[in-house]
Amino acid sequence: MRKRLKGKPHPDVYALRVECLQEFENRAQAGAIALYYADESRVSLTPCVPYAWQFKDEQVFMPCAKGEGLNCFALLSRNNHCLAQTTRAAITGAFIAEQLDRFSLSLTGLTVVVLDNAAVHHGKEVTLRKDVWQERGLFIVYLPTYSPHLNIVEILWRKLKYEWLRAEDYAEPDTLFYAVWQALRAVGHSLTIRFSPFQNCIN
């Protein structure tokens, strides 16, 4: 019997779910289904600065303020089709269910949405709507536990926070929130992400 390390998915369960995801990816590439990954993140007035350059004796700083933030939820496909919604309120199961419900009403074919195992994705609001969504052609599947590297939306958040937002966007809440909304709306148009093939993501 394999021993599972803390913070790692069970290897057999992981392998099975990755195999299922690969099949979904293959079917999406063939045009048989639409495949989206979904997740949420928070952008706040505390800037994300991985590194910075400055001259000797020069002081470099970015203004920041705690407590001000915008919560974002996005559905994203590998062809950069992005559907995003933002809110200053906390993201709850009801909020997730509302976004998926609205999404399900726009479908024209069989669609799979991949979520991680956050508690908000398993809440009663989501669970109670699954049968209705399936009747509309929307099916929810879950990633293996502890597998954020399989969710392409994580790349979207990284691009947004570390590349697309500028220092001046953090001047005040309204400026930042507008910049976030504009960036998310531009995905698939003026902003694109070049995703690696799924097989490369699981090696």
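Readers should treat all values here as calculations from the given coordinates under stated rules, not as data from a laboratory. Note that the structure is a prediction, hence the values are computed from the model and not measured. Cβ coordinates were reconstructed from backbone atoms using ideal geometry, including for glycine residues, and neighbour counts include every protein chain displayed.
Karplus-based coupling profile of region 112-127, in residue order and whole Hz: 10, 10, 9, 10, 8, 9, 4, 4, 5, 8, 10, x, 5, 4, 6, 4, with θ = phi - 60° in 6.51 cos²θ - 1.76 cosθ + 1.60 and x standing for Gly or Pro.
Note on region 157-194 and region 125-147: Cα centroid distance 29 Å, given to the nearest whole angstrom. Model label points for residue 168 and residue 89, set 7 angstrom from Cα along the Cα-to-Cβ axis, are 3.4 nm apart. Please give the net charge around residue 39, taking every other residue with its beta carbon less than 10 angstrom from that of residue 39, where Lys and Arg add +1 and Asp and Glu add -1. After counting each charged neighbour, the total is -3. How charged is the neighbourhood of residue 111? Take every other residue with its Cβ under 12 Å from the Cβ of residue 111, and add Lys/Arg as +1 and Asp/Glu as -1. Overall, the nearby charge balance is +2. Length available on full extension from residue 46 to residue 124: 0.36 nm per residue minus the Cα-Cα distance, which gives 24.8 nm. Per-residue Karplus couplings for region 32-39, computed as 6.51 cos²θ - 1.76 cosθ + 1.60 with θ equal to phi - 60°, are listed in order as 7, 9, 9, 10, 10, 10, 9, 5 Hz, Gly and Pro entered as x. Taking a sphere under 10 Å around the Cβ of residue 151 and counting the other residues whose Cβ falls inside, with K and R at +1 and D and E at -1, yields a net charge of -3.
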